[in-house]
Amino acid sequence: MYRIGLKVWSINKNYIKDAVSLYKEGVYDYIELFSVPGSYEMCIDWWKDLDIPYVIHAPHSGCNMNFAKKEFLDSNLKMAFEALKYADTLKAEIVIFHPGVEGDIKETAFQINKINDSRMTIENKPYYALHDNLINNGYSPEDIKFLKESCNIGFCLDIPHAIYSANSQKIDRLSYLEKFIKLNPIIFHIYDGDYFGVYDYHKKFGEGSFSFGEIFKILPLNRPISIETPKKSKENLEDFKQDAYFLKGLFSSAEEIPEKWTEKI
């Protein structure tokens, strides 16, 4: 059985009460905490005593962290070490990083090796970045294989990212996904979206067109899988709870999603 993760940001104090309640109910198994730059001193006390396992997600290009650009090295290191500080305090064994945008994959490897932490885990990206049609590093199995071998790091398979990358290159999406799976990902990301699209828009389960039946037939079992669907409420995690049960229904492969949840999706 997969272990389900709740994705929230380090500044999301508003979700903590519900997060604790849903963890006690067994709705999910760990928190994937996004390290907002500069937030550690203000936010760490909110999370450190919840008695919930953690995965950490480091900042990405949306926060101006870009391993692909040498001129970003100093600020990249500062943000990376803050994410790793979150991991130290919260005893997280996985810290996920993006490979960067519009640059040299060798520069990405150089900067990762500069940090040199065994918890670092690289995430694959879509072919196109959301803005200006820039090309992401890490959009291909070849890029991820190079980084794994050059840097001795783990791999986070973002399933929709792989689908979007295949679509951009007009490659069979499931065959392409299988190439990523052969790289032995230690954790997954999942959400709904446009199964035939090329841009990375996150949708709630049931609001996109992803063929999850096809996808889950080829995924390896017993890995953490973080849900990255959007949350409509700033007050509670009811959307996430519905998505978690939707996902648990998919785990049963041929079995249908429980009736009591289909009405809520």
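List of remarks:
- E71 being over 30 Å from G249 (Cα atoms) and modelled with pLDDT of 95 or more: yes
- If you go through region 232-242 and keep only what is in contact (Cβ under 8 Å) with a residue 40 or more places away in the chain and among the basic types (K, R), you end up with K234, K241.
- Single residue of region 58-98 satisfying the filter (touching a residue at least 60 places away in the same chain (Cβ under 8 Å) and not hydrophobic (A, V, I, L, M, F, W, C)) that is farthest from R3 (Cα to Cα): S61
- Any pair with Cβ under 8 angstrom, 6 or more apart, that starts in region 99-118 at a residue that is closer than 19 Å to A83 by Cβ and surrounded by fewer than 20 Cβ atoms within 10 Å (Cβ to Cβ) and ends at one that is polar (S, T, N, Q) and modelled with pLDDT of 95 or more: N113/S150; S118/N152
- Scanning region 1-31 for residues that are closer than 27 Å to P220 by Cβ and among the hydroxyl-bearing types (S, T, Y) yields Y2, Y23, Y28, Y30.
- In region 223-236, the residues that are within 23 Å of R3 (Cβ to Cβ), of a type outside the set (S, T, Y) and part of a loop (DSSP other than H, G, I, E, B): R223, E228, P230, K231, N236
- Consider region 7-31 and keep the residues that are in contact with a strand residue (DSSP E or B) (Cβ under 8 Å, 6 or more places away or on another chain) and among the hydrophobic types (A, V, I, L, M, F, W, C). The one that is farthest from K234 (Cα to Cα) is V27.
- For C156: the one exception among (1) over 20 Å from V95 (Cα atoms); (2) of a type outside the set (D, E); (3) within 17 Å of the chain's Cα centre (by Cα): (1)
- Annotation note: of N76, N66, the sole residue that is polar (S, T, N, Q) and either at pLDDT below 95 or over 18 Å from the mean Cα position of the chain (by Cα) (or both) is N76.
- Of residues in region 157-212 being small (G, A, S) and in contact (Cβ under 8 Å) with a residue 40 or more places away in the chain, the one surrounded by the most Cβ atoms within 10 Å (Cβ to Cβ): S165
- Test for G213: is it among the small types (G, A, S), modelled with pLDDT under 95 and under 28 Å from G154 (Cα atoms): yes
- When residues of region 190-222 are limited to those that are in a helix (DSSP H, G or I) and of a type in the set (D, E, K, R), the one nearest to H131 (Cα to Cα): E214
The values are calculated or read from the model by the stated rules, or taken from the named source; none is laboratory data. Keep in mind it's a predicted model, so treat the numbers as computed, not measured. Using ideal geometry, Cβ is built from the backbone for each residue, glycine included, and neighbour counts are taken over all protein chains shown.
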